[in-house]
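Chemist: Can you read through this structure? Questions will come right after.
The values are calculated or read from the model by the stated rules, or taken from the named source; none is laboratory data. What you see is a predicted model; the values in this text were computed from it and never measured. Neighbour counts are summed over all protein chains in view; Cβ atoms, including those assigned to glycine, are modelled from backbone coordinates with ideal geometry. Surface accessibility is based on the protein's heavy atoms, side chains included, excluding ligands, DNA and RNA. Shrake-Rupley method; radii C 1.70, N 1.55, O 1.52, S 1.80 Å.
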Amino acid sequence: MTEAFSHIPNYTTDDYERWEGDWELWGGHPVSMSPSPSAKHQRVAGRLFVALGGSLGQQDGCHCETFYEIDWRISKETVVRPDLMVVCEPVDTTWIEVTPALIVEVLSPGTASNDLKYKRELYAAKGVKYYLIVDPGAKTIEALALDGDAYAPMHAGGESLSFDLHDGCAVSLDVAGVWA
């Protein structure tokens, strides 16, 4: 290791727990999530949360849950906080430790490049089955499905998106309702 790299601090979730403000931890390196999301961002994320949760709640035997702005602790050195996640395994901790079936990121000007590049690659590498990238400014939703070790665009049928999350659990999303 060169001398310059030996001086770069490497943080863990123990350090992360003591930080104030909105941060993520990427491979031991802190990433600021400031400023906080705009009203438009929150409005769109809220509608998506209600729509996804409502769709899941209508299914008997489906144990998938929708979570809003909760930490996903991927490892001791990586913590991300997606806008929304659908998790199909029991959650018994104050954060998510299992791989979500679906992640939604609503783009913000200050963090859009993180969602479009780093997080897209990270989520694919960690086996997240579906990734939605929502752009409130353009009023678009890019729906991606994991294909091998990378994401491929999903083909939407009209104004609805459907996701087979887990055995007996599927979710449908009315795209027009997100922008209403």
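Chemist: Among the residues of the stretch 34-43, are any in a helix (DSSP H, G or I), touching a residue at least 40 places away in the same chain (Cβ under 8 Å) and crowded, with 18+ Cβ neighbours inside 10 Å?
Modeler: Yes - at least one qualifying residue is present in the stretch 34-43.
Chemist: Being among the aliphatic types (A, V, I, L, M), part of a loop (DSSP other than H, G, I, E, B), without any contact (Cβ under 8 Å) to a residue 60 or more places away in the chain and touching a strand residue (DSSP E or B) at 6+ places or on another chain (Cβ under 6 Å), is that true of even one residue in the stretch 137-153? So that I can check it myself, show each step before the final result.
Modeler: Of the residues in the stretch 137-153, the ones among the aliphatic types (A, V, I, L, M) are 138, 141, 143-146, 150, 152.
Restricting the remaining residues to those that are part of a loop (DSSP other than H, G, I, E, B) gives 138.
Now drop any that are not without any contact (Cβ under 8 Å) to a residue 60 or more places away in the chain, which leaves 138.
Filter once more, so that each one left must be touching a strand residue (DSSP E or B) at 6+ places or on another chain (Cβ under 6 Å): none.
The answer is no, given that none of the residues of the stretch 137-153 is among the aliphatic types (A, V, I, L, M), part of a loop (DSSP other than H, G, I, E, B), without any contact (Cβ under 8 Å) to a residue 60 or more places away in the chain and touching a strand residue (DSSP E or B) at 6+ places or on another chain (Cβ under 6 Å).
Chemist: Taking the stretch 115-135 as the region of interest, how many residues are over 24 Å from CYS169 (Cβ atoms) and surrounded by fewer than 20 Cβ atoms within 10 Å (Cβ to Cβ)? Talk me through it step by step, then tell me what you get.
Modeler: To start, the set of residues in the stretch 115-135 that are over 24 Å from CYS169 (Cβ atoms) comprises 115-118, 121, 135.
Then drop every residue that is not surrounded by fewer than 20 Cβ atoms within 10 Å (Cβ to Cβ), which leaves 116-118, 121, 135.
Matching residues across the stretch 115-135 total 5.
Chemist: So which of VAL79, VAL91 is of a type in the set (Val, Ile, Thr), open to solvent by less than 20 Å² (accessible area, probe 1.4 Å) and either touching a helix residue (DSSP H, G or I) at 6+ places or on another chain (Cβ under 6 Å) or not in a strand (DSSP E or B) (or both)? Give the derivation first.
Modeler: Details: VAL91 fails: open to solvent by less than 20 Å² (accessible area, probe 1.4 Å).
Among VAL79, VAL91, only VAL79 is of a type in the set (Val, Ile, Thr), open to solvent by less than 20 Å² (accessible area, probe 1.4 Å) and either touching a helix residue (DSSP H, G or I) at 6+ places or on another chain (Cβ under 6 Å) or not in a strand (DSSP E or B) (or both).
Chemist: Here's a check for you: in the stretch 9-33, which residue that is open to solvent by 40 Å² or more (accessible area, probe 1.4 Å) and hydroxyl-bearing (Ser, Thr, Tyr) is modelled with the highest pLDDT?
Modeler: TYR11
Chemist: Which condition breaks for THR66 when tested against (1) touching a helix residue (DSSP H, G or I) at 6+ places or on another chain (Cβ under 8 Å); (2) of a type in the set (S, T, N, Q); (3) farther than 22 Å from GLU159 by Cβ?
Modeler: It is condition (3) that THR66 fails.
Chemist: Separate question: Could you tell me which of the residues GLY61, GLY110, GLY57 is touching a Gly at 6+ places or on another chain (Cβ under 9 Å) and either open to solvent by 40 Å² or more (accessible area, probe 1.4 Å) or among the aromatic types (Phe, Trp, Tyr) (or both)? Before you say what the answer is, go through the steps one by one.
Modeler: Numbers: GLY110 fails: touching a Gly at 6+ places or on another chain (Cβ under 9 Å); GLY57 fails: touching a Gly at 6+ places or on another chain (Cβ under 9 Å).
Only one candidate qualifies: GLY61.
Chemist: Further question on the same structure: When you go through (1) open to solvent by 40 Å² or more (accessible area, probe 1.4 Å); (2) touching a Phe, Trp or Tyr at 6+ places or on another chain (Cβ under 8 Å) one by one for ILE70, which number turns out not to apply?
Modeler: Evaluating ILE70 over (1) open to solvent by 40 Å² or more (accessible area, probe 1.4 Å); (2) touching a Phe, Trp or Tyr at 6+ places or on another chain (Cβ under 8 Å) leaves (1) as the failure.
Chemist: Collect the residues in the stretch 130-180 that are over 17 Å from VAL86 (Cα atoms) and among the small types (Gly, Ala, Ser), keeping them in residue-number order.
Modeler: Passing the criteria: GLY137, ALA138, GLY148, ALA150, ALA152, ALA156, GLY157, GLY158, SER160, ALA176, GLY177, ALA180.
Chemist: Of all the residues that make up the stretch 161-180, how many are open to solvent by less than 40 Å² (accessible area, probe 1.4 Å) and either over 19 Å from ASP135 (Cβ atoms) or among the hydrophobic types (A, V, I, L, M, F, W, C) (or both)?
Modeler: Taking the stretch 161-180 as the starting set, the residues that turn out to be open to solvent by less than 40 Å² (accessible area, probe 1.4 Å) are 161, 163, 165, 169, 171, 173, 175, 177-178.
Next cut, either over 19 Å from ASP135 (Cβ atoms) or among the hydrophobic types (A, V, I, L, M, F, W, C) (or both) only: 161, 163, 165, 169, 171, 173, 175, 178.
Counting residues in the stretch 161-180 that are open to solvent by less than 40 Å² (accessible area, probe 1.4 Å) and either over 19 Å from ASP135 (Cβ atoms) or among the hydrophobic types (A, V, I, L, M, F, W, C) (or both) gives 8.
Chemist: If I go through the stretch 47-68 residue by residue, how many of them are farther than 13 Å from LEU102 by Cβ, touching a residue at least 12 places away in the same chain (Cβ under 8 Å), among the small types (Gly, Ala, Ser) and assigned to a helix (DSSP H, G or I)?
Modeler: So the answer is 0.
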